[in-house]
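Shown next, in structure tokens, is the structure this report addresses.
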């Protein structure tokens with residue numbers, strides 16, 4: 001991941017320093033155009049590409065340039081793009097019990113799989129977990145979550161298909177409260193963020209159950225729409241953090257940057273495979289050094 | 001609306017071409033806009049450049065036909081280039097053999113299983129006998145999901161939850177396939193760069209030799225689409241594409257890049273979570289809509305599907321004679337209009353109105369008004385709808401309470417109804433009265449859409 005982005009930036013550094021000693025926009029326009037293209041190819045959304053380009057020009061204008069100077073400018077820019085609040089999700093049950101975590105996202109991004117992986121993480125952290133099957137719409141969504149629950153040995157709260165998702169989540173919350181369970185993970189139906197009715201359904205759940213943490217799951221192969229998805233979900237119900245799924249399928253990593261930039265919320269984890277343990281925590285500094293060093 | 005944003009920026013770019021003669025500067029800026037619109041719609045960068053370049057070259061080189069303005073000439077070129085790229089007519093499935101075999105493959109989460117259900121419903125409606133086959137032995141509950149979908153669309157289902165390899169499942173059920181006109185094979189999804197998956201799909205393909213090898217791809221996929229599609233293509237020689245999730249804000253450009261990588265055409269698009277939210281893809285109509293040229297063919301088809309012919313004739317007669325039009329008729333009209341889609345969707349299909357700058361909020365508030373009327377009429381008795389004149393104070397109170405609205409809303413509806421009736425009576429009268437109507441319209445006596 002990020003290897004081709006890294007190449008793009010180092011090519012940019014290389015070429016800029018070859019062409020000019022002092023930063024002159026005119027001389028560098030074709031190099032900037034090339035950078036723009038490379039960033040877009042890496043799935044970074046158009047808006048952020050513009051920002052990176054403009055910030056670079058602003059920071060370097062009229063200055064003597066060297067690879068080091070460009071690098072430190074890029075570092076500042078990426079730090080700014082990825083500047084988000086930090087959350088220590090595994091410490092949440094210490095602060096609030098039960099800690100209620102809601103998962104949302106468009107269809108097919110991997111919400112259910114991400115829930116199973118996070119459940120496993122909480123278990124390893126010594127926490128008890130209950131799952132809520134609030135996706136009562138998609139065929140076999142409940143069975144899918146049930147299989148995970150069985151494999152992990154945790155309880156699943158469910159109702160029938162067509163049941164009110166809020167009611168299921170509420171049941172799970174009550175169950176956790178009465179049994180002293182640490183964490184409630186709520187699975188919801190995938191929905192297109194532009195559908196007002198489905199977003200209202202989510203708002204209702206949000207209002208009634210009042211989750212402590214709302215996690216948006218984004219597919220790492222998503223293009224420019226990653227920004228849109230992040231924006232809509234954040235506007236409608238407020239997002240606290242993001243899990244980027246299927247990161248093992250993606251050598252680019254642009255969706256991660258788009259989603260974080262759009263919401264200013266932290267990337268909590270990357271999904272990196274089919275096994276429960278394939279959930280890697282995300283460190284901003286590590287990512288930036290991966291891109292630039 | 002599918003590719004709405006892409007359409008918006010294309011239309012805006014085209015608006016800049018206003019002069020009578022082709023203006024070099026305007027064409028260059030148009031082609032830059034097109035490139036940008038395609039790229040921010042996730043079309044592969046190389047491809048976007050190619051298309052933009054071609055449009056630019058042609059617009060500058062080719063002389064417009066005399067009857068066309070510079071803008072029409074340019075629109076025409078854009079239209080031709082985009083349809084060259086997407087194909088022209090709907091590319092249908094190969095269904096001649098019995099059973100015709102349709103294999104769906106794609107990345108995880110692309111929507112293969114849902115698409116299998118939708119496709120089964122679509123083919124069944126065409127009168128074919130269909131079976132759905134699940135070969136995904138990986139994802140939890142994939143079996144149960146397709147089984148449920150098969151039940152919902154009432155087609156037969158094959159699969160084996162305990163099987164480890166897809167070919168095992170196919171060997172067992174293959175003898176039954178003769179019974180069907182078409183069998184649809186769902187496969188496990190994963191990243192195309194995953195060797196295990198690729199060898200699995202390869203095995204299925206070799207064993208079954210399906211005539212239709214369709215790539216199911218999500219409308220929101222980005223610049224990775226090309227590489228992923230290529231890998232599937234190398235393995236099974238993809239000959240059709242289905243784009244899913246086009247009901248959101250996704251622009252589908254990545255999926256279109258997948259087509260260009262596989263040289264396969266888009267056959268269908270998925271536009272919603274329900275099983276009937278599935279459409280044949282018609283490139284010509286699609287591009288017309290995109291460029292704001294409207295699409296009468298689709299509009300007529302939608303109208304045909306939504307409107308019951310007999311009742312339409314009945315209402316038409318009432319409108320023409322100005323006699324007997326009541327709230328039942330209004331209700332029916334509203335219902336069939338709603339079936340055709342949202343106001344802005346319908347607008348985009350009407351040549352002349354498509355691409356017009358009607359504020360989306362205005363359309364939405366009109367739509368809400370109409371919804372409100374529908375709810376109010378839902379609280380009326382059949383007698384009241386048949387003969388709205390009997391609705392007086394106490395009935396108004398009851399209707400408002402029943403619909404959860406206030407009394408003014410009911411009064412507003414009745415006023416609108418009376419106005420409509422008056423208009424119809426005038427129209428049916430002599431030509432002198434027709435003039436009166438025109439006058440009234442000129443004064444703004446009839447509610448108009450803002451911005452038109």
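Give the calculated FRET efficiency between residue B:8 and residue B:342 to the nearest 0.05, with a Förster radius of 22 Å applied to their Cβ-Cβ distance.
0.85
With each pseudo-label sitting 7 Å past Cα toward Cβ, what's the residue A:200-residue B:408 distance in nm, one decimal?
Those two pseudo-labels are separated by 2.1 nm.
As a check on your grasp of the helix formula, calculate [θ] at 222 nm for chain A: sum -39500 (n - 2.57) over DSSP H runs of n ≥ 4, divide by the residue count, round to the nearest 500.
-16500 deg cm²/dmol
Could you check the simple spin-label distance between residue B:387 and residue B:415, using points 7 Å along Cα→Cβ, in nm with one decimal?
2.6
Can you figure out the FRET efficiency of residue B:203 with residue B:176, using R₀ = 25 Å and their beta-carbon distance, to the nearest 0.05?
That pair, residue B:203 with residue B:176, gives E of 0.80.
Given axes a ≥ b ≥ c from the Cα gyration tensor, I'd like to know whether chain B is rounded (a/c under 1.5), prolate (a/b larger than b/c) or oblate.
It is oblate, given that a/c is not under 1.5 and a/b is not larger than b/c.
What average number of partner chain Cβ atoms lie no more than 10 Å from the Cβ of the residues making up B:222-231?
Neighbouring Cβ atoms belonging to other protein chains average 5 per residue here.
Antiparallel DSSP bridges in the protein assembly as shown: what percent, to the nearest 5?
Bridges in the protein assembly as shown are about 15 percent antiparallel.
Within 10 Å of each Cβ in A:138-148, how many Cβ atoms from other chains are there, averaged over the peptide?
6
Using r as the Cβ-Cβ distance of residue B:401 and residue B:310, and R0 as 45 Å, what FRET efficiency do you calculate, to the nearest 0.05?
Working from the Cβ atoms, E equals 0.85.
So how tilted is helix B:253-262 from the main axis of chain B? Cα-based, degrees 0 to 90, rounded to 10.
40
How well do other chains shield peptide A:251-257, expressed as the mean number of their Cβ atoms within 10 Å of each residue Cβ?
2
So how tilted is helix A:67-81 from the main axis of chain A? Cα-based, degrees 0 to 90, rounded to 10.
Here the helix axis deviates by roughly 30 degrees.
In degrees, nearest 10, range 0 to 90: what is the angle between the Cα axis of helix A:111-124 and the longest Cα principal axis of chain A?
80
Kindly work out what percent of the DSSP beta bridges joining two residues of chain B are antiparallel, to the nearest 5.
10
Compute the relative contact order of the range B:100-290 as a whole-number percentage, counting only Cα pairs closer than 8 Å that sit 6 or more residues apart in sequence.
With pairs under 8 Å counted, the relative contact order is 25 percent.
Please report the relative contact order for chain B, taking Cα pairs under 8 Å with a sequence separation of at least 6, and give it as a percent rounded to a whole number.
15
Calculate, in nm to one decimal, what residue B:277 and residue B:361 gain on full extension: separation in residues at 0.36 nm each, minus their alpha carbon distance.
27.8 nm
Tell me, how many Å apart are the Cα centres for the range B:183-254 and for the range B:256-288?
One Cα centre to the other: 14 Å.
Place a point 7 Å from Cα of residue B:394 in the direction of its Cβ. Which residues in the range B:365-381 have their backbone N less than 16 Å from it?
It comes to B:381, nothing else.
Antiparallel as a % of all DSSP beta bridges within the range B:100-290, to the nearest 5?
Just about 10 percent of them are antiparallel.
What order, most packed first, do the peptides A:113-126, A:188-201, B:411-424 have when packing is the mean number of other Cβ atoms within 10 Å of each residue?
A:113-126, A:188-201, B:411-424
Based solely on its DSSP helices, what 222 nm [θ] is calculated for chain B when runs of n ≥ 4 H residues each add -39,500 (n - 2.57) and the sum is averaged over all residues, nearest 500 deg cm²/dmol?
-18000 deg cm²/dmol
What relative contact order, as a whole-number percentage, does chain A give when Cα pairs under 8 Å and 6 or more residues apart are counted?
The normalised contact order for chain A reaches 25 percent.
Compute the convex hull volume of the Cα atoms of the protein assembly as shown, divide it by the residue count, and report the result per residue in Å³ as a whole number.
Cα-based convex hull of the protein assembly as shown, divided per residue, equals 199 Å³.
Points 7 angstrom from Cα along the Cβ direction at residue A:264 and residue B:230: gap in nanometres?
4.0
All of the numbers you see were taken from the coordinates with simple rules; none came from a lab. Keep in mind it's a predicted model, so treat the numbers as computed, not measured. All Cβ positions, glycine included, derive from the backbone under ideal geometry; neighbour counts span all protein chains shown.
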